[in-house]
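Working notes, structure below.
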Amino acid sequence: MTSFREILIATEDALVEANIYCGHGFDSAHDEAVALVLAAANLSLTETGSEILDESFPNEAESTLEQYVQRRCQDREPTAYIVGEAYFGPLSFICDRRALVPRSPIAELVEKGFDPWLTSASPEVIVDVCCGGGSLGLLANAVFPEALVVLSDLDRSALSLAADNRQLHDASVGLIRGDLLSWLADESTDVILANPPYVDAEDMAALPPEYLHEPQLALDGGADGLDLVHSLLIDAERTLKQGGIMILEVGNSLEALDAISAHLSPVWVELAYGGHGVAILTKTDLSIWRGMTDNLGSRVGV
Ligand SMILES: C[S@@+](CC[C@H](N)C(=O)[O-])C[C@H]1O[C@@H](n2cnc3c(N)ncnc32)[C@H](O)[C@@H]1O
């Protein structure tokens, strides 16, 4: 008999030897090995404890695990795509190549109910723009079940995964295919969750191979990473209610966002669970920025 413990050690060794890159929801080769071994044996990651370690690993799961390890080590596929599932905050989601593997650090702010950033205690309308598989919006729906939550993306494949996840969680959220916030009414929204593609050209050229399995539309943010962010800022100002906020993730493109204008003042959030480049922009901040930009534009005749 080969125990789960032995199989786990061998799998972790293989992942370490292959020098896998952990950037897709797992912090270590050990955690990825646990996910692969349990999935191969058809066991749940959240419901299986360490008591299994000395049990026998099922013979029939061995070839499945072999294929999983090959896909992870040779093909460099993210573990979440291989096992078809991603854990995000307290929830799990169906995860496949239709959308980015969920990992946004915005989750931390959603779980904290947007405290201390939102003045109203209970938002009525929350929009997850660039929703991918819908993880942020569905998490928001779990925290604020009374709110109207809308998930939106341009990509039909991503939206079909969001629809599957909506069904998985039996959630009453809206789904809209649209270009950024162009479809959203003026002064309608309390919270915009925005994790757009924001990888700049330099980082795109240096991405570890794991990221090449994800849709390019989900990552590529153009030369400085902010191709879509300019429109988002303008439309967030238009669509947020007074007192509303946009939580915007731009990752490594945070310096480019700071450099947009002296009149735009994103507040960078300190994230307790890791990550960086998450900004809070209030309706008021955005209105001041728009006002200054319009003034400058009219003074120089543009
Ligand atoms: C970084 S992914 C974020 C996915 C999801 N929010 C998450 O955190 O996992 C960016 C998403 O933006 C979508 N996207 C790209 N361009 C868009 C556009 N012009 N309008 C709306 N969505 C767009 C992509 O299809 C992709 O799903």
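Each reported figure results from applying straightforward, stated rules to the coordinates on display, with no laboratory input. Predicted, not measured: the structure shown is a model, and the values here were computed from it. All Cβ positions, even for glycine, are placed from backbone atoms using ideal geometry, and neighbour counts span all protein chains on display.
For region 105-220, a simple Cβ point-charge model (Lys and Arg +1, Asp and Glu -1, everything else neutral) yields a dipole of about 320 debye relative to the Cα centre.
Extension gain, E111 to V267: 0.36 nm times the residue separation minus the Cα-Cα distance gives 54.3 nm. Using only side-chain charges placed at the Cβ, +1 for Lys and Arg and -1 for Asp and Glu, the dipole size of region 4-83 relative to its Cα centre rounds to 300 debye.
With the Cα gyration tensor of the chain giving a ≥ b ≥ c as the square roots of its eigenvalues, does the rule (a/c under 1.5 for rounded; else a/b larger than b/c for prolate; else oblate) give rounded, prolate or oblate? Prolate shape, in that a/c is at least 1.5 and a/b is the bigger ratio.
Antiparallel beta bridges, as assigned by DSSP with both residues in the chain, represent about 40 percent of the total such bridges. Take the Cα of I176, step 7 Å toward its Cβ, do the same at A206, and the gap between the two points is 3.8 nm. Think of each Lys and Arg Cβ as +1 and each Asp and Glu Cβ as -1; about the Cα centre, that makes the dipole of the chain roughly 980 debye. I need the shape label for region 4-83. Rule: rounded when a/c is under 1.5, else prolate if a/b > b/c, else oblate, with a, b, c from the alpha carbon gyration tensor. Because a/c hits 1.5 or more and a/b exceeds b/c, region 4-83 counts as prolate.
Sort region 164-265 into rounded, prolate or oblate with this rule: let a ≥ b ≥ c be the square roots of the eigenvalues of the Cα gyration tensor; rounded if a/c is under 1.5, and if a/c is not under 1.5, prolate when a/b is larger than b/c, oblate otherwise. The shape class here is oblate. If R0 is 30 Å, the Cβ-Cβ spacing of Q167 and N59 corresponds to a FRET efficiency of close to 0.30. Mean-square fluctuations from a GNM of the chain, with a 10 angstrom spring cutoff on Cα atoms, peak among E51, E17, E124 at E51. Identify the residues of region 102-117 with backbone N under 20 Å of a label point that sits 7 angstrom from the Cα of N252 along the Cα-to-Cβ direction, or state none. Output list for this probe position: 102-106.
If the chain linking A259 and S157 were pulled fully straight, counting 0.36 nm for each residue of separation and taking away their Cα-Cα distance, it would gain 33.4 nm. Exposure proxy shown here: for S261, S92, S253, S152, the number of other Cβ atoms within 10 Å sets the order, fewest to most, as S261, S92, S253, S152. Taken as Cα centroids, region 1-64 and region 160-215 sit 30 Å apart, rounded to the nearest whole angstrom. Placing R0 at 35 angstrom, the Cβ-Cβ distance between D96 and A121 gives a FRET efficiency of 0.45 after rounding to 0.05.
Put in order of Cβ neighbour count within 10 Å, fewest first, the listed residues V129, V16 become V16, V129.
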